[in-house]
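Report on the structure given below.
Readers should treat all values here as calculations from the given coordinates under stated rules, not as data from a laboratory. All values reported here derive from a predicted model rather than from experimental measurement. Note that each Cβ is placed from the backbone with ideal geometry, even for glycine, and that neighbours are counted across all protein chains shown.
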Amino acid sequence: MWQRWMIVHKVVLQTVLPVLRRLPYRLSIRLLGIMGRLDLLVIPHQTRLYEAAVAGAAERLGCDWNVRAVSRALARQTYRWRTRDLLLDGRSDRWIDPLFQVSGREKLDAARARGKGVILLANHFGSHVLMTHWLFRQAYPLRWFGEKPRNISEYLIDKFQSDGTHGQAGLFVSRKAGTAEGASTIYHAARILNAGLIVKIACDVRWNDAKAVSASFLGRTESFSTTWVTLAAMTGAAVVPAYCRMDEQGTFHLDFRDPLIVPPDARRPGRAIEWVDRALDGLEEQVRLFPEQSNDYFFWDPAEAKANGGSTPSGSRRVERAVAVR
């Protein structure tokens, strides 16, 4: 049912975005929140769907959330995060700069100063696409490892138009990729890191393949990709966890955490799990603090991960199609 409503949200956004772009930014953010709240009021069983999802997550995590309040806050955020960075299209750097409250930038810069590249360990929490938008605005040499994102600004589309030895084109992954193409993507990412650039990849990609690991996240055991661990172990690149959330006024809170150094032996059987657990624990902490930023986590269907498994290559033997944005 949740996937069906995601399609409905997409259609609604395509209809209203031309109008929202003409309005003052903060007003557009408020209207998107009202749209999400109206979902609960006018769509049969929608309130029950949200409250059941939030209550289930609260029980699994042992969180004493106000289920009613969190459900409504989550609904208000639904259209906002699905709008991604489209409301920033055509805006100047000077106009956009006050919209971002950034902490830990010095940690990202220190990781870059090592000269071995940086794995920006992202996720699907909050306004994760806006993290990419800000990094490009700040002229960071960023590459996106994952499926090519859709419904993004012309600004990002333009930034993704790079090819060559260290270009973006080789990092976009297809769900239909075969073993050779997948392995090529891993080694392309390694070349980019060895050149000192930043590769952004998600830590919360559910996948079933030879090198995936079973880990607990939000009170459930799922199978997760270890691609980022493999890359970090191969290259010695620092891993910088990062989170981005949007508040009710439309300000983005971007937080870079202390760099992690993954040892080469993390590629050995059974060693990746400790790093996957560490990344997911940090992400789960953010969800506990800001459950309204959880996007679709609470609506995950356990069957989806199984459906995505199978023949995707991973690591040096088989390379996961590590999808950074769905």
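What does the convex hull of the Cα atoms come to per residue for region 2-83, in Å³? Write down the numbers at each step before the final one.
Working: hull volume 7.7 nm³, N = 82.
Dividing the Cα hull volume of region 2-83 by its residue count gives 93 Å³.
Kindly express, to the nearest 10 degrees and within the range 0 to 90, the angle between helix 46-61's C-alpha long axis and the longest C-alpha principal axis of the chain.
It is inclined by approximately 50 degrees.
Distance between the C-alpha centers of region 72-106 and region 17-58? Whole Å please.
Cα centroid of region 72-106 versus Cα centroid of region 17-58: 16 Å apart.
Give me the number: length gained by fully extending Val12 to Ser92, i.e. 0.36 nm times residue separation minus the C-alpha to C-alpha distance, one decimal in nm. Walk me through the numbers before you get to the answer.
Values: separation 80, 0.36 × 80 = 28.80 nm, distance 2.70 nm.
Taking Val12 through Ser92 to full extension adds about 26.1 nm, to one decimal.
Mind checking region 134-236 for trypsin sites (Lys or Arg not before Pro) that DSSP puts in a loop (not H, G, I, E or B) and that have at most 15 other Cβ atoms within 10 Å?
Here the trypsin sites (Lys or Arg not before Pro) that fit, given the DSSP loop and packing criteria, are Arg150, Arg175, Lys176.
Cα axis of helix 272-289 to longest principal axis of the chain: angle in degrees, 0 to 90, nearest 10?
Result, in degrees: 20.
Could you give the angle, 0 to 90 degrees to the nearest 10, between helix 179-194's Cα long axis and the longest principal axis of the Cα atoms of the chain?
Relative to the chain, helix 179-194 is tipped by roughly 90 degrees.
For Cα pairs less than 8 Å apart in space and 6+ apart in sequence, what is the mean separation divided by the residue count of region 2-83, i.e. the relative contact order in percent? Don't skip to the answer; put the middle values down first.
Details: 48 pairs, mean separation 32.7, N = 82.
Worked out over region 2-83, it gives 40 percent.
Most fluctuating residue of Leu27, Leu254, Leu130 in a GNM of the chain with Cα springs under 10 Å: which is it?
Largest GNM mean-square fluctuation: Leu27.
Run the quick spin-label model on Ser103 and Ser162: label points 7 Å from Cα toward the beta carbon, then report their separation in nm to one decimal.
Between Ser103 and Ser162, the label points sit 2.9 nm apart.
For the chain, take every pair of Cα atoms, bin their distances at 10 Å starting from 0, and report each bin as a whole percent.
That works out to 6, 27, 35, 25, 8, 0, in percent per bin.
What list of ³J(HN,Hα) values in whole Hz, one per residue of region 103-116 in order, does the Karplus curve 6.51 cos²θ - 1.76 cosθ + 1.60 (θ = phi - 60°) give from phi, with Gly and Pro shown as x?
Ordered by residue, 3J(HN,Hα) equals 10, x, 4, 5, 6, 5, 5, 5, 5, 5, 5, 5, x, 10 Hz.
So what is the relative contact order for the chain, in percent, with contacts set as C-alpha pairs under 8 Å and at least six apart?
Working: 574 pairs, mean separation 81.6, N = 326.
Dividing the mean separation by the residue count of the chain yields 25 percent.
List the relative contact order of region 78-234 as a percent without decimals, with contacts defined as Cα pairs under 8 Å and 6+ residues apart. Present the calculation step by step, with values, prior to reporting the outcome.
On the way: 186 pairs, mean separation 42.9, N = 157.
The normalised contact order for region 78-234 reaches 27 percent.
State the Cα centre-to-centre distance between region 254-298 and region 112-129 in whole Å.
Rounded to whole Å, the Cα centres lie 12 Å apart.
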